[in-house]
Amino acid sequence: MFYENTYHVDSRLIDPFGHCRPSALLGLLQEAATEAACALHVSRDETVAKYNTFWMLVRIWFSLKRPLLWDEHLRIRTWHRGGKGAAMYRDFDLFVGEEWVGEAVSSWVLATLDTHKIFRLSKVAEFVGTDGGELCKEKVLAKLRTPQDLPLAERRLLHYSEADLNGHINNVRYADFACDALRLEQLLPGSFVSQMQIGYLDECMPGEIIDLHAGEAEGRYFVHGVGAEGNPRFDAALELSPLP
């Protein structure tokens, strides 16, 4: 069982090179995941009402064989892998017309509204018999191991415009933090972001200041976000590939 919809890569989503920004792609994936959850009756409002829980995104990864371009129409097909453990994987295939252009995987947990304890997905009846079956991918998102000696690239003040409905910094904005810390406008001519993974370690709030440590190691670019109190908030890893 899968959900599918098509989204326009309009002028609000592109970067100076005419490519869909990583944060914009994550936003489209999040939109598709939200619509799929609504179709399964496990939306935010429904899980709060029925199970006193809410969704938390733990990790997300995407891979593109080419950049997504301005004015293209991206068809996203998504499904879940079943609710058997503590975390639920949601997979995505990406198409422009009939061309397969990439894929994505995300990992989610349900947490109780009052205590934030992990809620067992096996208790959610809506997941029974609604997984993607043969479509399900095998990729598992392991915790990112960022290099320990990344230099400080930026000290960033977080703002109202980056917050979501829950009052936290929207998860797609972490991709912007990573791209800004790496000065992606200097790295991208002749290439594109072909892979990105983000691990969400702790929530961020408007008004906070986070330190962004960034650098390159073994052909990958890493960003590590740390709060003023010294606790890690997120990790990100990017890979660049030459333009086709």
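General observations
- Condition met for ASP235 (modelled with pLDDT of 95 or more, within 20 Å of ALA24 (Cα to Cα) and surrounded by 19 or more Cβ atoms within 10 Å (Cβ to Cβ)): yes
- First in the stretch 159-182 and outside any helix (DSSP H, G or I), second anywhere and among the charged types (D, E, K, R), Cβ under 7 Å, 6 or more apart: HIS168/GLU203; ILE169/GLU162; ASN170/GLU162; ASN170/ASP164
- Check on LEU240, at pLDDT below 95 and surrounded by 18 or more Cβ atoms within 10 Å (Cβ to Cβ): no
- Apart from one condition, PRO67 fits all of (1) without any contact (Cβ under 8 Å) to a residue 40 or more places away in the chain; (2) of a type outside the set (Phe, Trp, Tyr); (3) touching a Ser or Thr at 6+ places or on another chain (Cβ under 9 Å); (4) closer than 26 Å to LEU188 by Cβ; the exception is (1).
- Those residues of the stretch 62-110 which are aromatic (Phe, Trp, Tyr) and open to solvent by 20 Å² or more (accessible area, probe 1.4 Å), in sequence order: TRP70, TYR89, PHE95, TRP100, TRP108
- Of all residues in the stretch 176-201, exactly one satisfies the criterion of being of a type in the set (D, E, K, R) and in contact with a helix residue (DSSP H, G or I) (Cβ under 8 Å, 6 or more places away or on another chain), namely ASP176.
- Residue selected from the stretch 160-203 under the condition hydroxyl-bearing (Ser, Thr, Tyr) and open to solvent by less than 20 Å² (accessible area, probe 1.4 Å), by the criterion farthest from PRO16 (Cα to Cα): TYR174
- The residue pairs whose first member lies in the stretch 185-209 and is under 23 Å from VAL58 (Cβ atoms), whose second member is surrounded by 15 or more Cβ atoms within 10 Å (Cβ to Cβ) and among the polar types (S, T, N, Q), and whose beta carbons are closer than 6 Å, counting only pairs six or more residues apart or on different chains, are SER194/SER241; GLN195/SER63.
- Each residue in the stretch 5-50 was checked for being assigned to a helix (DSSP H, G or I) and open to solvent by 40 Å² or more (accessible area, probe 1.4 Å), and 12 of them qualify.
- A residue that is at pLDDT 95 or above, within 18 Å of the chain's Cα centre (by Cα), of a type outside the set (Val, Ile, Thr) and not in a strand (DSSP E or B) occurs nowhere in the stretch 185-196.
The values are calculated or read from the model by the stated rules, or taken from the named source; none is laboratory data. What you see is a predicted model; the values in this text were computed from it and never measured. Counting neighbours? That spans all protein chains shown, and the Cβs are built from the backbone with ideal geometry, glycine included. Keep in mind that these areas ignore ligands, DNA and RNA; they rest on the heavy atoms of the full protein, side chains included. Shrake-Rupley method; radii C 1.70, N 1.55, O 1.52, S 1.80 Å.
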